[in-house]
Amino acid sequence: MPSTVSEISQIYHQPLPDLLFEAQRVHRAHHDPRAVQLCTLSNIKTGLCPENCGYCSQSVHHKSGLAAQELSSLDAVMAEAQAAKAAGSTRFCMGAAWREIKDGPQFERVLEMVRSVSALGMEVCCTLGMLKPHQAERLKQAGLTAYNHNLDTGPGYYPQVVTTRAYQDRLETIRAVSAAGISVCCGGILGMGESLTDRFELLEALGSLDPIPESIPINCLVPVAGTPLADSAPVEPLDLVRMIATTRILLPVAMVRLSAGRLQMSEELQALCFLAGANSIFTGPKLLTTPNPEHSHDLKMLEKLGMQPKMTQ
Ligand code: SAM
Ligand code: DTB
Ligand code: SF4
């Protein structure tokens with residue numbers, strides 16, 4: 001039974017020692033508490049996106065100054081995937097600044113990328129905007145492991161963040177992904193001016209998905225100059241820890257990914273996030289368009305914590 005907002009609030013507001021103890025108990029029942037999955041992102045098509053997501057550097061509606069780039073070549077993406085694998089990544093995620101997938105030569109090229117990355121033995125994830133059932137089926141046939149499509153925030157706050165699409169559109173794409181037998185990667189962003197209740201409504205929505213997501217990215221907003229959310233206040237560190245612990249308790253089996261915003265986090269805060277149940281990070285100096293900690297720095301951090309990259313899937 002999916003939890004209600006008031007149940008989620010009760011979990012979240014427990015004294016921190018109790019919340020962390022419960023999150024640890026759940027985490028250890030389902031995951032190796034020392035292992036962190038390393039994932040690598042590749043932006044395969046940059047900028048000029050017709051959507052108006054208030055946080056995004058790639059929207060055509062904002063003046064972020066980002067240089068647009070057409071769809072990457074298969075060779076360029078494969079070089080990145082091979083380097084990621086050599087650096088210990090077990091999941092490769094390709095993102096495109098599209099509102100939706102259009103059938104045609106560009107989609108065929110993406111399918112070729114999925115086939116080739118899958119042949120490297122890595123988990124393959126894509127985030128390409130909205131898709132239709134027949135496109136999800138083709139991605140599945142090509143070997144796609146997971147499709148990332150975030151709900152971003154609760155349904156009540158969503159229209160404050162983006163108006164060129166509705167929450168319902170997101171849910172429909174997620175349904176098509178699941179129906180094709182592809183794992184769903186779906187999470188959100190903290191720090192966009194939303195209330196705690198909006199965050200709980202996001203968790204309620206994630207817990208109501210059927211099947212529940214295999215992977216939940218928790219992003220902290222990376223403010224980008226020129227976007228409507230450029231001046232947002234940073235997330236309170238302990239609010240992030242509580243949010244991760246609550247996510248872990250509500251969705252015990254999911255991979256909880258400490259995603260955007262790590263450059264602004266201390267190692268101590270990241271360590272608390274791992275204790276709260278986060279078990280994956282994106283590595284490499286760039287996310288899609290914004291900077292991320294250096295790979296070597298992340299490996300040193302894990303070593304200091306006595307943790308290690310998750311090797312097997
Ligand atoms: N266009 C596709 C879509 O929106 O589904 C895929 C790419 S989009 C950049 C992937 C996700 O990154 C978004 O759903 C959002 O949650 C996250 N994201 C984008 N910009 C961000 C930012 N500045 N800070 C934190 N997260 C961000
Ligand atoms: C997700 O939730 N976070 C990743 C991944 N899914 C694709 C992307 C974060 C992007 C951060 C902003 C940027 O670099 O443009
Ligand atoms: Fe486009 Fe995705 Fe950025 Fe929204 S988040 S503007 S859909 S690239």
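The values are calculated or read from the model by the stated rules, or taken from the named source; none is laboratory data. Quick caveat: nothing in here was measured; it's all calculated off a predicted structure. Quick reminder, even Gly has a Cβ in these numbers, built from the backbone with ideal geometry, and neighbours come from all protein chains shown. Accessible surface areas use protein heavy atoms only, side chains included; no ligands, DNA or RNA. Shrake-Rupley method; radii C 1.70, N 1.55, O 1.52, S 1.80 Å.
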### Integer Hz, Karplus 6.51/-1.76/1.60 couplings in order for the stretch 61-78, x for Gly and Pro
7, 10, 9, 8, x, 6, 7, 6, 9, 5, 4, 5, 7, 4, 4, 5, 5, 5
### Task
Whenever you get a sec, line up LYS140, LYS310, LYS63, LYS286 from highest to lowest accessible area (probe 1.4 Å, protein heavy atoms).
LYS63, LYS286, LYS140, LYS310
#### Entry: Farthest toward positive dipole pole in the chain [+1 Lys/Arg, -1 Asp/Glu at C-beta], among LEU139, ILE216, ASN292
LEU139
### Message
At 1.4 Å probe size, with the rest of the protein present, what percent of the exposed accessible area of the chain is carbon and sulfur atoms?
### Response
55
### Query
So how exposed is SER118, as accessible area in Å² (1.4 Å probe, rounded to 10)?
40
### Query
Picking from GLN168, GLN58, GLN82, which is most flexible by a Gaussian network model of the chain using Cα springs under 10 Å?
GLN168
### Task
List the residues whose amide H sits under 5 Å from the amide H of ASN43, counting only those 5 or more places along or on another chain, with H placed 1.01 Å from N in the peptide plane.
GLY95
## Note on the structure
Projected onto the charge dipole of the chain (unit charges on the beta-carbon of Lys, Arg, Asp and Glu, signs +1, +1, -1, -1), the Cα from PRO15, VAL253, THR227 with the largest positive-side position is that of VAL253
### Task
Give the total of Lys-Lys pairs in the stretch 5-301 with Cα-Cα distances below 27 Å; include a pair only if its members are 8 or more places apart or on different chains.
16
### Query
Quick one: Karplus J couplings for the stretch 93-101, per residue in order, coefficients 6.51, -1.76, 1.60, θ = phi - 60°, nearest Hz, x for Gly and Pro?
10, 9, x, 10, 7, 10, 6, 7, 7
### Query
According to the square roots a ≥ b ≥ c of the eigenvalues of the Cα gyration tensor, what is the shape class of the chain, taking rounded for a/c under 1.5, prolate for a/b larger than b/c otherwise, and oblate for the remainder?
rounded
### Query
By DSSP, what percent of the beta bridges with both residues in the chain are antiparallel, rounded to the nearest 5?
5
### Query
Of HIS149, CYS93, GLY121, which is farthest on the positive side of the dipole of the chain, counting Cα position, with +1 on Lys and Arg Cβ, -1 on Asp and Glu Cβ, and the Cα centre as origin?
GLY121
### Query
Using helices alone, what [θ] at 222 nm do you get for the chain, with -39,500 (n - 2.57) per DSSP H run of 4 or more residues, divided over all residues and rounded to the nearest 500?
-12000 deg cm²/dmol
### Summary
Phi-derived 3J(HN,Hα) across the stretch 135-149 with the Karplus relation (6.51, -1.76, 1.60, θ = phi - 60°), rounded Hz, x for Gly and Pro, is 6, 4, 5, 5, 5, 4, 4, 6, x, 5, 7, 8, 10, 8, 8
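If DNA, RNA and ligands are ignored and the probe is 1.4 Å, what is the ranking of ILE44, ILE249, ILE212 by accessible area, most exposed first?
The most accessible residue leads, giving ILE212, ILE249, ILE44.
How big is the dipole moment of the chain about its Cα centre under a simple scheme where the beta carbon of each Lys and Arg is +1, that of each Asp and Glu is -1, and everything else is neutral? Debye, nearest 20, please. Provide the component values of the computation, followed by the final result.
Working: 26 positive and 31 negative charges, 117 e Å.
The calculation lands at about 560 debye.
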### Query
Looking at the stretch 154-313, what % of its DSSP beta bridges pair antiparallel, to the nearest 5?
10
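Arrange the residues ARG242, ARG262 by how much accessible surface each exposes, largest first, with a 1.4 angstrom probe.
Working: ARG242 50, ARG262 5 Å².
Largest accessible area first, the list is ARG242, ARG262.
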